[in-house]
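Structure record follows, encoded as structure tokens.
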Amino acid sequence: MELTHIEHLGIAVKSLDEAIPYYEGILGLKCYAIEEVADQKVRTAFFKIGQTKLELLESTSPEGTIAQFIEKRGEGIHHIAFATTSVKEALADAEAKGVRLIDKAPRKGAEGLNIAFLHPKSTMGVLTELCEKGDK
Ligand code: ZN
């Protein structure tokens, strides 16, 4: 597969209202968007640093994957997202090489990106997201 850069890091937080002042006030970044992704039961806040983003993830439901992640492992880095030229091809490539997939096909993520996740059991514990711009 062909990866171009780290698109974003996903960071699980208990509360966007508590986390945003740290990223803005201490790190000096600017939150440029807050978006709810209903089917993933998350509210996300985005920051940009160079060509990479930080995606803060707050659960909107106690049953959501982010709530479960925080319950088990606490707040912190949740996933790494690589930009690729084709999520579909990257998935096919990974699957052919024996990587377990969470998503068999690309789906819509925040910011209109097409995304898919690789299973952390196949990636040494790092939940890995592949994404591409959604306009194709
Ligand atoms: Zn992500």
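The values are calculated or read from the model by the stated rules, or taken from the named source; none is laboratory data. Note that the structure is predicted; figures quoted are calculated from it, not measured. Every residue, glycine among them, receives a Cβ derived from its backbone with ideal geometry; neighbour counts consider all protein chains shown. With ligands, DNA and RNA removed, areas are computed over all heavy atoms of the protein, side chains included. Shrake-Rupley method; radii C 1.70, N 1.55, O 1.52, S 1.80 Å.
The figures follow:
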{"quantity": "Vicinal HN-Hα couplings computed from phi for segment 100-112 (Karplus, 6.51 cos²θ - 1.76 cosθ + 1.60; Hz; Gly/Pro x)", "calculated": "6, 9, 7, 10, 6, 9, x, 9, 7, x, 4, 6, x"}
{"quantity": "For segment 100-136 versus segment 23-73, the gap between their alpha-carbon centres in whole angstrom", "calculated": "16"}
{"quantity": "Beta bridges by DSSP in segment 3-132, antiparallel share as percent, to the nearest 5", "calculated": "75"}
{"quantity": "For segment 3-132, accessible area per residue (1.4 Å probe, heavy atoms of protein chains only), Å²", "calculated": "54"}
{"quantity": "Filter on K48/K104; K41/K108; K14/K121; K14/K41; K53/K108 - keep pairs with C-alpha separation over 19 Å", "calculated": "K48/K104; K14/K121"}
{"quantity": "Around L9: net Lys/Arg minus Asp/Glu count, Cβ-Cβ under 13 Å", "calculated": "-1"}
{"quantity": "At 0.890 mPa s and 25 °C, Stokes diffusion of the chain via Kirkwood alpha-carbon radius, µm² per second", "calculated": "160"}
{"quantity": "Per-residue HN-Hα couplings for segment 51-60 [Karplus 6.51, -1.76, 1.60; θ = phi - 60°; Hz; x = Gly/Pro]", "calculated": "9, 9, 10, 10, 10, 7, 10, 10, 6, 9"}
{"quantity": "Aspartates and glutamates whose Cα lies under 17 Å from that of K88, excluding same-chain neighbours fewer than 8 positions away", "calculated": "E2, E7, D103, E129, E132, D135"}
{"quantity": "Of all accessible heavy-atom area on the chain, the percent that carbon and sulfur account for (1.4 Å)", "calculated": "54"}
